[in-house]
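The values are calculated or read from the model by the stated rules, or taken from the named source; none is laboratory data. If you're wondering where the values come from, they're calculated on a predicted model, not measured in any experiment. Using ideal geometry, Cβ is built from the backbone for each residue, glycine included, and neighbour counts are taken over all protein chains shown.
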Amino acid sequence: MTWHKIAESEKELFQNNQSIIEIEVAGKSICIGKHQEQLRACISKCPHAGGNLVEGQIDALGNIVCPLHRYKFSLENGRNISGEGYFLKTFPIESRNNGVFIALEEKKGLFGY
Ligand code: FES
(Lines give C-alpha, C1' and ligand atoms only; values in the text may rest on other atoms or scores of the structure.)
Protein backbone atom coordinates (compact mmCIF):
# COMPACT_ATOMS: atom_id res chain seq x y z
CA MET A 1 0.00 0.00 0.00
CA THR A 2 1.20 3.49 -0.79
CA TRP A 3 -0.27 6.59 0.81
CA HIS A 4 -0.84 9.50 -1.59
CA LYS A 5 -1.40 13.05 -0.43
CA ILE A 6 -4.48 14.35 -2.24
CA ALA A 7 -5.09 17.72 -0.56
CA GLU A 8 -3.83 20.03 2.14
CA SER A 9 -7.15 19.81 3.96
CA GLU A 10 -10.72 18.48 3.77
CA LYS A 11 -11.86 22.02 3.07
CA GLU A 12 -9.75 22.10 -0.06
CA LEU A 13 -11.46 18.91 -1.28
CA PHE A 14 -15.05 19.87 -0.51
CA GLN A 15 -15.22 23.48 -1.61
CA ASN A 16 -18.86 23.68 -2.71
CA ASN A 17 -20.62 21.78 0.04
CA GLN A 18 -20.96 18.63 -2.07
CA SER A 19 -21.10 15.30 -0.25
CA ILE A 20 -19.27 13.37 -3.00
CA ILE A 21 -16.39 14.49 -5.18
CA GLU A 22 -14.30 12.73 -7.82
CA ILE A 23 -10.53 12.99 -8.10
CA GLU A 24 -7.75 11.29 -10.00
CA VAL A 25 -5.01 9.59 -7.96
CA ALA A 26 -2.15 7.71 -9.64
CA GLY A 27 -4.25 7.20 -12.76
CA LYS A 28 -7.33 5.95 -10.90
CA SER A 29 -10.65 7.77 -10.72
CA ILE A 30 -11.77 7.82 -7.14
CA CYS A 31 -14.85 9.13 -5.37
CA ILE A 32 -14.53 10.65 -1.95
CA GLY A 33 -17.63 10.91 0.16
CA LYS A 34 -18.19 12.65 3.43
CA HIS A 35 -20.70 11.37 5.93
CA GLN A 36 -20.98 12.63 9.50
CA GLU A 37 -17.54 14.24 9.24
CA GLN A 38 -15.95 10.94 8.14
CA LEU A 39 -14.18 10.69 4.80
CA ARG A 40 -14.64 7.55 2.72
CA ALA A 41 -13.11 6.65 -0.63
CA CYS A 42 -14.19 4.23 -3.35
CA ILE A 43 -13.65 3.62 -7.03
CA SER A 44 -15.69 6.09 -9.10
CA LYS A 45 -17.53 3.59 -11.33
CA CYS A 46 -20.34 1.44 -10.02
CA PRO A 47 -19.43 -2.27 -10.22
CA HIS A 48 -22.88 -3.06 -11.67
CA ALA A 49 -22.84 -1.19 -14.99
CA GLY A 50 -20.38 1.65 -14.58
CA GLY A 51 -22.66 4.37 -13.19
CA ASN A 52 -20.81 7.53 -12.15
CA LEU A 53 -20.99 7.38 -8.40
CA VAL A 54 -20.08 11.06 -8.06
CA GLU A 55 -23.58 11.77 -9.42
CA GLY A 56 -25.15 9.55 -6.78
CA GLN A 57 -25.83 10.37 -3.17
CA ILE A 58 -24.99 9.24 0.32
CA ASP A 59 -27.97 8.01 2.33
CA ALA A 60 -28.64 8.61 6.03
CA LEU A 61 -26.68 5.48 6.98
CA GLY A 62 -23.58 6.46 5.00
CA ASN A 63 -24.13 4.17 2.01
CA ILE A 64 -23.48 5.43 -1.49
CA VAL A 65 -26.48 5.13 -3.84
CA CYS A 66 -25.69 4.70 -7.53
CA PRO A 67 -27.54 7.18 -9.76
CA LEU A 68 -28.29 4.61 -12.48
CA HIS A 69 -30.17 1.74 -10.82
CA ARG A 70 -29.98 2.90 -7.22
CA TYR A 71 -28.01 -0.05 -5.86
CA LYS A 72 -26.50 0.80 -2.49
CA PHE A 73 -22.98 0.13 -1.27
CA SER A 74 -21.40 0.57 2.14
CA LEU A 75 -18.65 3.15 1.93
CA GLU A 76 -17.00 1.47 4.90
CA ASN A 77 -16.39 -1.92 3.35
CA GLY A 78 -17.88 -1.93 -0.18
CA ARG A 79 -20.69 -4.37 0.65
CA ASN A 80 -23.69 -4.23 -1.67
CA ILE A 81 -26.26 -3.29 0.98
CA SER A 82 -29.21 -3.56 -1.41
CA GLY A 83 -28.32 -7.22 -2.03
CA GLU A 84 -27.56 -7.58 -5.74
CA GLY A 85 -24.24 -9.32 -5.09
CA TYR A 86 -21.74 -6.76 -6.36
CA PHE A 87 -18.76 -5.37 -4.49
CA LEU A 88 -17.52 -1.80 -4.54
CA LYS A 89 -13.76 -1.29 -4.20
CA THR A 90 -13.01 1.03 -1.27
CA PHE A 91 -9.73 2.63 -0.18
CA PRO A 92 -8.36 3.74 3.18
CA ILE A 93 -8.45 7.52 3.54
CA GLU A 94 -7.14 9.65 6.40
CA SER A 95 -7.33 13.28 7.30
CA ARG A 96 -4.09 14.16 9.12
CA ASN A 97 -2.52 17.35 10.44
CA ASN A 98 -0.43 17.66 7.28
CA GLY A 99 -3.08 16.83 4.70
CA VAL A 100 -5.54 14.27 3.40
CA PHE A 101 -4.07 10.94 2.30
CA ILE A 102 -5.44 7.96 0.44
CA ALA A 103 -3.86 4.50 0.29
CA LEU A 104 -3.69 2.58 -2.97
CA GLU A 105 -2.27 -0.83 -3.62
CA GLU A 106 0.98 -0.74 -5.52
CA LYS A 107 0.99 -2.30 -8.93
CA LYS A 108 3.05 -5.44 -8.76
CA GLY A 109 4.72 -7.13 -11.68
CA LEU A 110 4.94 -10.83 -12.28
CA PHE A 111 5.65 -12.88 -9.11
CA GLY A 112 4.79 -9.90 -6.91
CA TYR A 113 7.99 -7.93 -7.50
S1 FES B 1 -24.79 1.00 -12.70
FE2 FES B 1 -24.88 1.34 -10.58
S3 FES B 1 -26.62 0.32 -9.96
FE4 FES B 1 -26.50 -0.12 -12.07
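Couple of notes before you dig in:
- Members of the range 10-27 that are farther than 16 Å from Ser74 by Cβ and modelled with pLDDT under 95: Glu10, Lys11, Glu12, Leu13, Phe14, Gln15, Asn16, Asn17, Gln18, Ala26, Gly27
- Of the residues making up the range 73-105, just one is touching an Asp or Glu at 6+ places or on another chain (Cβ under 6 Å) and of a type in the set (Ser, Thr, Tyr), namely Ser95.
- Summed over the range 16-61, the residues that are assigned to a loop (DSSP other than H, G, I, E, B), away from the ligand (no atom under 16 Å from the Cβ) and among the small types (Gly, Ala, Ser) give a count of 4.
- Residues of the range 81-95 that turn out to be surrounded by fewer than 19 Cβ atoms within 10 Å (Cβ to Cβ) and within 10 Å of the ligand (Cβ to nearest atom), as a count: 3
- Every condition in (1) loosely packed, with under 14 Cβ neighbours inside 10 Å; (2) polar (S, T, N, Q); (3) under 11 Å from the mean Cα position of the chain (by Cα) is met by Thr2 except one, and the failing one is (3).
- Among the criteria (1) within 12 Å of the ligand (Cβ to nearest atom); (2) assigned to a loop (DSSP other than H, G, I, E, B), the one Ile64 does not fulfil is (2).
- Where a residue in the range 1-18 is among the aromatic types (Phe, Trp, Tyr) and its partner, wherever it lies, is assigned to a strand (DSSP E or B), with Cβ under 8 Å and at least six apart: Trp3/Glu94; Trp3/Phe101; Trp3/Ile102; Trp3/Ala103; Phe14/Ile21; Phe14/Lys34
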